[in-house]
Amino acid sequence: MFKAKRRTVVTVTAVAAVLLGGALTATLLTSGKGNATTGNTVEYQAGHRPAVPNLTGKSLTGTTINLSSYRGKVVVLNFWGSWCSPCREEAPLLAGLDQQYSSKGVVFLGDDVGDTPQNALAFTSSQGITYPSFNDPGYAVVAQISQVVPVHDTPTTVVIDKTGHVAGTILGAATYSELTTLLRDAAVT
Amino acid sequence: MTDVHAPQSQPESAAVEDDAARSFALDQTGTAEGGSRRTSRPPAANAGWLRWGWRQLTSMRTALILLFLLALGSIPGSVLPQQGSDPGAVQQYYASHPALAPWLNHLGLFNVFAAPWFAAIYLLLFASLVGCVLPRAFRLVGAARTPPPRAPRNLARLPHSSTYSSALSPDAVVAGAAAVLGGQRFRLRCSEADAKDHWVSAEKGYLREVGNLLFHLALLGVLLSIAAGGLFGYKANKLLVEGQSFNDTVAALDEYHPGRLVSGNDLAPFSLTLNKFTANYIDSGESRGQPSNFDANVTYTSSPGAKPGTYNVRINDPLAVDSLKVYLIGHGYAPEFKVTDAKGNVYNETPPFIPANTSTFESDGVVKLPDASLGFMGVFEPTAFSAGGTLMSIFPAADAPAVSLIGYSGNLGMNDGVPQSVYQLDTTGMTKLSGSPHLLTPGQTWTLPNGKGSITFVGVKQWVSMAITYDPGQVPALVCAMLAIAGLLLSFFVRRRRVFVRAVPAASGTGSVVTVGGLTRSDASGGFEEEFAELAAEISASEKAKP
């Protein structure tokens, strides 16, 4: 009886020790994984740039947008919504860069997700944004481009080079330096 | 992991059973009981520790303790709110237990099934099972190839035995008995042709071991299936108001919990539109207000350009698209507003309101219009009733809807980039438009003071919350669970039993004395005694049938 008890104690202790060890190892492994992801800009070197499918759809004002008609120009495609705080924060930057780069062969294009056209147009007019946006309440355009590059959050900005390939993406609100660096690398002077 | 019973025997017969009985025991004790008994004392030598640890880990006791711990560990998963299934409830728990909640969080108790300690139990159980099953599988294969043992010397001392006299010679008796036993699909081993000794050993019931092995392998299969589901599957939630649609992409999902080996590009390219949601409630009797039916009518396409289909998603009747399942997990009301701001811009908003009371569906929500510098906090009553000046809902259906609004104007704080909840209004930079809430019924308009514009309560829509799950391990897990049960039944109901027949020349000089002995390991379901008696009778009868 005593022996049996002792055996159980030994077993339970051994199991507990191994469990603790396993838990510590697992914690270390998972925390290491989490730290590895830093930065929100992804750049694709020329020759390794994924081709963008031809995105088509209606704009907020009802006109038709066809991405392939922009071939030969660098396209900044911004995924946004008037409900999204970081999108509202980066909007003045995008409006300003649109003006600054329009003479340099760069066009800006928006994809308004999870929104209504009325709310979106009130926002763009108040921010002085003049470039068109897809009316994409159901994330259809996002789903199409997600097959090629991850657009996993709103806002996301995708820079497409003159040949219709992705030069880089910025996840989250873009900064001036992030976006201008990508534009330069997309072969824009 | 099934019970191990040595054959029951009288003390004095133990010696006689010798190899027959002992080999029965040896098949078994190597794995579980004998294994841990032999190694339970930690050895002094260093190299022995590893061996000892492995034996401990793969012993049946450890496996059972781990299985128990696994069950114990999942209790907090059902008692405490879980981040994965109900993050709102976790927030509430934080609010009501500010001292305790951070500690529980450190222990991973708000996300039990992803906690490292839970994974540790799981992996150890897996290692324990593998360590138990693999050697066992090899042993079974070995046992299946081994012929039955030689017949013991004194069959009369076996638990079951009978003796009779035969007119035939010993070798003829044994040959006849072998034919009878072989006909009953016993595995046979006979005495050498030229030996003086005439006997036959027969063994049956190998299916018991097969069932046992099947059970263990299927248990491994269940664990592997669950692991595959966790690694390659994903779970997501999406709230949709009637008329809204969405494509299955990470950005569109409200919540997304991918498995370890899932990337965002692996999501199935399906899209879904909520056409109409219908909820029926019992309107009389004791269970008045209880839901009787939920029905979400959706249109879906499995991939862009595919032919659209329609489906009525109900509770426990999910929509299956490709290998995905879309479940209906919640619903509520979304009042529809038309807002005009001071400049004359018009906005349409249909914000989902969250039920504060799930039996009357009194719901809370906000209307946020950052570009109109307007915000509203609202309470929605599906069947509004004013009791002594207090507005309440008396029925969950939208029979007499009304919404009570408190208006604010000013900066909503949404331009500084800090993400906000769509269900909350930050009024720190705003001023109240009126002292008391304003009540609206469908079609009514509230003209806001000081020329700030107006808000119209257009009507009521409903929203549903959908869970999208992809679990590649579900079907294999079910199949394995069924195999495990089948294996368990086999190992419960099939007996491993041995029958021996020995014939010696009779003292009179002609004929022989035949002894039939029987031995079974565990006879939990009973019946070997009868089987043995029948067999013995059949063996003695068979020679009389011969001329």
Legend entry - Cross-link pairs beyond the 32 Å C-alpha cut-off, checked among A:LYS104/B:LYS307; A:LYS58/B:LYS276; A:LYS104/B:LYS343: A:LYS104/B:LYS307; A:LYS104/B:LYS343
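Taking N as the number of residues in region B:399-472, what value does Rg over Cα atoms divided by 2.2 N^0.38 Å take?
1.50
Report, in deg cm²/dmol and to the nearest 500, the calculated mean residue ellipticity at 222 nm for chain B, where each DSSP H run with n ≥ 4 adds -39500 (n - 2.57) and the sum is divided by the residue count. Provide the component values of the computation, followed by the final result.
Working: 12 runs with 180 residues, N = 547.
After summing the helix terms and dividing by residue count, I get -11000 deg cm²/dmol.
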Legend entry - For chain B: Kirkwood Rh in Å [reciprocal of mean 1/r, alpha carbons]: 30.3
Legend entry - For region A:26-177: span of alpha carbons on each principal axis (Å, largest first): 53, 35, 29
Inset, instruction - Could you bin all the Cα-Cα distances of region B:184-312 into 5 Å bins starting at 0 and give me the percent of pairs in each, rounded to whole numbers? - result: 2, 8, 9, 9, 10, 8, 8, 7, 7, 6, 4, 4, 4, 4, 3, 3, 2, 1, 0
Inset, instruction - Starting from the Cα gyration tensor of the protein assembly as shown, multiply each eigenvalue by 5, take the square root, and state the resulting semi-axes largest first in whole Å. - result: 75, 30, 25
Legend entry - Residue mean of other protein chain beta carbons inside 10 Å, A:141-148: 5
Legend entry - Crossing angle, helix B:60-73 versus chain B [Cα axis fit, 0-90 degrees, rounded to tens]: 10
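Could you grab the Rg to Rh ratio for region B:162-213? Cα atoms only, Kirkwood for Rh.
Numbers: Rg = 13.7 Å, Rh = 12.5 Å.
On the Cα set of region B:162-213, Rg over Rh gives 1.09.
Taking only the Cα atoms of region A:72-157, how large is their convex hull per residue, in Å³?
Working: hull volume 7.5 nm³, N = 86.
Cα-based convex hull of region A:72-157, divided per residue, equals 87 Å³.
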Legend entry - For A:119-125, mean number of other protein chain Cβ atoms within 10 Å: 4
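What FRET efficiency comes out for the pair B:LEU70/B:ALA143, r = Cβ-Cβ distance, R0 = 25 Å, nearest 0.05? Provide the component values of the computation, followed by the final result.
On the way: r = 30 Å, r/R0 = 1.22.
The pair B:LEU70/B:ALA143 has a calculated efficiency of 0.25.
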Legend entry - Lys/Arg +1, Asp/Glu -1 at C-beta; the protein assembly as shown dipole; positive extreme among A:ALA91, B:PHE380, A:LEU179: A:LEU179
Inset, instruction - Could you tell me how many degrees, from 0 to 90 and to the nearest 10, lie between the Cα long axis of helix B:170-183 and the main elongation axis, the longest principal axis, of the Cα atoms of chain B? - result: 20
Inset, instruction - Give the value in nm², to one decimal: projected area of the alpha carbon convex hull of region B:111-233, averaged over all directions. - result: 11.8
Legend entry - Amide H partners (placed H, <5 Å) of B:VAL458, local residues excluded: B:GLU336, B:PHE337, B:LYS338, B:GLY443
Inset, instruction - Please report, in whole Å, how far the alpha carbons of region B:246-344 spread along each principal axis, starting with the longest. - result: 51, 49, 31
Inset, instruction - Report the charge-dipole magnitude of chain B in Debye, nearest 20, computed about the Cα centre from +1 at each Lys and Arg Cβ and -1 at each Asp and Glu Cβ. - result: 1880
Legend entry - Surface accessible to a 1.4 Å probe, B:ILE315 within the full protein complex, Å²: 80
Legend entry - Whole-percent pair-distance distribution, where bins are 10 Å wide, for the alpha carbons of region B:375-512: 8, 20, 18, 10, 8, 9, 7, 5, 3, 4, 4, 3, 1
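Percent of Cα-Cα pairs more than 15 Å apart in region B:455-542, please.
Percent of Cα pairs beyond 15 Å in region B:455-542: 77.
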Legend entry - Probe 1.4 Å - accessible area at A:THR64, Å² to nearest ten: 100
Legend entry - When region A:139-189 is reduced to its Cα atoms, the Kirkwood hydrodynamic radius in Å: 11.5
Inset, instruction - Report the equivalent ellipsoid semi-axes for region B:71-155 in whole Å, largest first, defined as the square roots of five times the eigenvalues of the gyration tensor built from alpha carbon atoms. - result: 51, 12, 10
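In what order, largest first, do B:HIS160, A:HIS48, B:HIS216, A:HIS165 sit by accessible area if the probe radius is 1.4 Å?
Most to least solvent-accessible, the answer reads A:HIS48, A:HIS165, B:HIS160, B:HIS216.
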Inset, instruction - Can you send over the solvent-accessible area of B:MET482, 1.4 Å probe, protein chains only, in Å² to the nearest 10? - result: 120
Inset, instruction - Give the residue from B:GLY332, B:TYR311, B:VAL366 lying farthest towards the positive end of the charge dipole for chain B; charges sit on Cβ (+1 for Lys and Arg, -1 for Asp and Glu) and the dipole is referred to the Cα centre. - result: B:TYR311
Inset, instruction - Specify the angular offset, from 0 to 90 degrees and rounded to the nearest 10, of the alpha carbon long axis of helix B:474-493 from the longest principal axis of the alpha carbons in chain B. - result: 30
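The values are calculated or read from the model by the stated rules, or taken from the named source; none is laboratory data. No experiment lies behind these values; they were computed from the predicted model shown. Please note: Cβ atoms are built from the backbone with ideal geometry, for glycine as well, and neighbour counts cover all protein chains shown. What goes into the accessible areas is simple: the full protein's heavy atoms, side chains included, and nothing from ligands, DNA or RNA. Shrake-Rupley method; radii C 1.70, N 1.55, O 1.52, S 1.80 Å.
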